[in-house]
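After the structure tokens below, expect a handful of questions from me.
The values are calculated or read from the model by the stated rules, or taken from the named source; none is laboratory data. Everything numeric here is computed off the predicted structure, so don't read it as measured data. Methodologically, a virtual Cβ is constructed for each residue, glycine included, from the backbone with ideal geometry; neighbour enumeration extends over all protein chains shown.
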Amino acid sequence: MAGLSSHPWFKRLVFLAIALVAALLCIVFQPNNWELRLVAGEASPFTRQPLINQVFRLFDMGVTDINGDGNLDLYTSNHSNEQYILLGQGAGRFSGNQVSAMGLDQDPEFPGLEYALRADSEPVQPGLYLYWKDRRLIIETYRLPNPDQVVGTMTVSAPLNIQQQRGFQIEVQTRSVGQSQSATQLTFNATQPNGKLTMLPGNVALPFLFQLGDSVPLNQVYVGHQRISPQGPRFDLFMRDRHGMAWADVNGDGKLDVFMVRGALKGRIDKLPRVFTDELFVQASNADTASELPRFVDRLDPREFPKGNCPALQTAWTESNGDNRLDLFTLCYKPTPPLQTYPPQLHLGLPEGRYQGADLTSLGLDLSADGAFVWFDVDADGDADLLRSTSQDFWLFKKQDQSFQKISLGKNPGTVAKTFDGSHTLSVADFDQDGDLDVLSASPQGNALLRNHQGTLTLESPQQLGLPRTSLLAHWVDYDNDGRMDVYTLPNGLYRQTSQGRFTATQLLKNQSSRGILEARATWFDADNDGDRDLLTALNFRAPLYRKLLGKGPGLDLQPEGWVIDLYLNPAQQHWLELDLQGLPANPQAIGAQVEIRTAQGTQRHWVGEAEGSHYSQGHYRIYAGLGQQRDPVSLSVRWPNGTEETFPSQAVDQRIVLTQKA
């Protein structure tokens, strides 16, 4: 018996028996991911509509109108894994995933290369299969009649750990490249009809260069879960590690484009021989009608948008210098373990439609720190100011002529997202209806209210107004269309603003599961075009105990649980108005514009961007105004980003209106 117990398979069997008993107990008492939903509450107006289950390593989620049909669309970024674009179809309905159909795959030569929990990449017919499974790259032969024909090499600028080798002969060589970096060359040849080679590289967001032998039949080589065959024996597999996404019409052709930022291999990207870039996808199709699907092509010029070694986290278009042309601001995070901090990047729009990097030191914007940011007009002088939250402080960079004045606003009672499972949001709106934009900062360690008093931001405790001390996220939203901004938080749910300016917990849309939320994303938008805002959530719950137990088992490889994306529809209540602003060609989304809505009950002030609910991205430019019992037409005036003011004829309520700036 002593000899038997020393065998690895016996230890594994004993462990599995113990874990199985524990797992059965845990399953009884702990719900699965797909059973965990936000509680709508008794007599709640919200109804849940499941959208996507098992989303892997979600980084960010937001909404924007990609195809210009008036219906807001859902997008996600997922590092180097499968991402999603679901086109809104009205009435709360969405299309299937359109990433490949729009040309937005991470590797255009191999659509579907990204790893997906729900996709089946494993073999179905004889051939050579190359695919990702989480962070592992797998080379697999399946029922090959002549396996000895399969020979080749793979080269990557990273160390390579061979985790499984069956039916392959391999040789691994390592050499130095760049500055203190190594490259690995793997030579492989198959020896069995059914073989498998599993590799764990030091990083996945690099080009993996393959050179197959002439004897390899390319029509029997299948790459990714869409099983695409390469065009030639030499090809590379290249993931981008996508983070924030900023949507806007950058070339003035009336179609939405998107800038995608990527990580920097923990700050080592500039030490490798290859030039790495972010991505600027412009719509290149001739789709002039909403029924035709947009197609995107990467048009980024690395001379205009040099990547440097910025591990990009958050990115957004803004109008920073008063020329009414879009500029791009990107925040770099501090990798873990911290190598160093990196200054942000600002790319200024030029008259001819090109871009150039700005000197942040001369502008006074060169704060190298992690955190989050938002651009908005703090003092109502017509210029965009920059608010940044760091792990220690809040900083305001107020526009002063050709530079910015750096102003300390006080200590941040919370923290910022230092790792990708962190959480931190900034939400901006005029919640107290005094004409100034206020900021709500949320993090799991502490929330803060930056209240605006005639252009001066003052740090206050949200608890004084009845809001929670901590949250995974928090957003201003007038969910009941009564004309007062309410607050949505996770995991605590909705807080309704009273006529006295305080907030009361409604118990609506809160998490009451036995498993806490590990990560969360949420955004409010009108998904069914009925005039009120619906809630879109992406939740990642803490792993149940039985998965933690089984995950420690020797030789076990459990498929990880994914995020769950749900839509909570909110039936129309009270009167409303929705506005889409159309600016001049240099700033078509009118980013930075402010709107006054005057009714018999008073005046509301809104700004383009206040509905944004993504953490690190940008694209939700619609303005929502709840009007309560106000039935009469309303008066509208706009201060456009270039400083001009325009008054529009009175408009009937309960409709979505497009306001176009005069040339």
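Output the residue which, of all residues in the stretch 95-152 that are buried (at least 16 other Cβ atoms within 10 Å of the Cβ) and among the β-branched types (Val, Ile, Thr), is farthest from Met199 (Cα to Cα).
The qualifying residue farthest from Met199 (Cα to Cα) is Val99.
Looking at (1) crowded, with 19+ Cβ neighbours inside 10 Å; (2) closer than 14 Å to Asp327 by Cα; (3) not basic (Lys, Arg), find the lone condition where Gly371 falls short.
(2)
Now for a different question. Being at positive phi and assigned by TED's automatic domain parsing to the domain that holds Phe168 narrows it down to one residue among Arg143, Arg57; which is it?
Exactly one of Arg143, Arg57 is at positive phi and assigned by TED's automatic domain parsing to the domain that holds Phe168, namely Arg143.
Can you tell me which residue among Leu197, Leu209, Leu186 is touching a residue at least 12 places away in the same chain (Cβ under 8 Å), surrounded by fewer than 19 Cβ atoms within 10 Å (Cβ to Cβ) and assigned to a strand (DSSP E or B)?
Result: Leu209 is the single residue among Leu197, Leu209, Leu186 that is touching a residue at least 12 places away in the same chain (Cβ under 8 Å), surrounded by fewer than 19 Cβ atoms within 10 Å (Cβ to Cβ) and assigned to a strand (DSSP E or B).
Inside the stretch 636-650, can you point out the residues that are of a type in the set (Gly, Ala, Ser) and either touching a helix residue (DSSP H, G or I) at 6+ places or on another chain (Cβ under 6 Å) or surrounded by 15 or more Cβ atoms within 10 Å (Cβ to Cβ) (or both)?
Ser637, the sole residue that qualifies.
Touching a residue at least 12 places away in the same chain (Cβ under 8 Å) and within 22 Å of the chain's Cα centre (by Cα): which single residue out of Gly516, Gly483 fits that description?
Gly516
Does the stretch 358-368 hold any residues that are modelled with pLDDT under 95 and either under 23 Å from Ser614 (Cα atoms) or surrounded by 18 or more Cβ atoms within 10 Å (Cβ to Cβ) (or both), and which are they?
Residues satisfying the conditions are Leu367, Ser368.
Taking strands (runs of 3 or more DSSP E) that do not extend beyond the stretch 399-478, which have at least 1 residues that are in the same structural domain as Gly244 (by TED's automatic domain parsing), hydroxyl-bearing (Ser, Thr, Tyr) and touching an Asp or Glu at 6+ places or on another chain (Cβ under 9 Å)?
403-411, 425-429, 456-460
I'd like to check something: does the stretch 218-226 contain any residue that is in the same structural domain as Lys133 (by TED's automatic domain parsing), surrounded by fewer than 20 Cβ atoms within 10 Å (Cβ to Cβ), touching a residue at least 12 places away in the same chain (Cβ under 8 Å) and assigned to a loop (DSSP other than H, G, I, E, B)?
The answer is yes, given that some residue of the stretch 218-226 is in the same structural domain as Lys133 (by TED's automatic domain parsing), surrounded by fewer than 20 Cβ atoms within 10 Å (Cβ to Cβ), touching a residue at least 12 places away in the same chain (Cβ under 8 Å) and assigned to a loop (DSSP other than H, G, I, E, B).
For the stretch 577-602, which positions are in a strand (DSSP E or B) and either aliphatic (A, V, I, L, M) or in contact with an Asp or Glu (Cβ under 6 Å, 6 or more places away or on another chain) (or both)?
Selection gives Leu577, Leu579, Leu581, Val595, Ile597.
Would you kindly identify the strands (runs of 3 or more DSSP E) lying entirely within the stretch 323-368 that contain at least 1 residues that are among the hydrophobic types (A, V, I, L, M, F, W, C) and in contact (Cβ under 8 Å) with a residue 12 or more places away in the chain?
Where strands (runs of 3 or more DSSP E) fall fully within the stretch 323-368 and carry at least 1 residues being among the hydrophobic types (A, V, I, L, M, F, W, C) and in contact (Cβ under 8 Å) with a residue 12 or more places away in the chain, they are 327-332, 345-349.
Among the residues of the stretch 620-637, are any within 20 Å of Trp375 (Cα to Cα) and either free of Cβ contacts under 8 Å to residues at least 12 places away in the same chain or in a strand (DSSP E or B) (or both)?
Yes, that holds for at least one residue.
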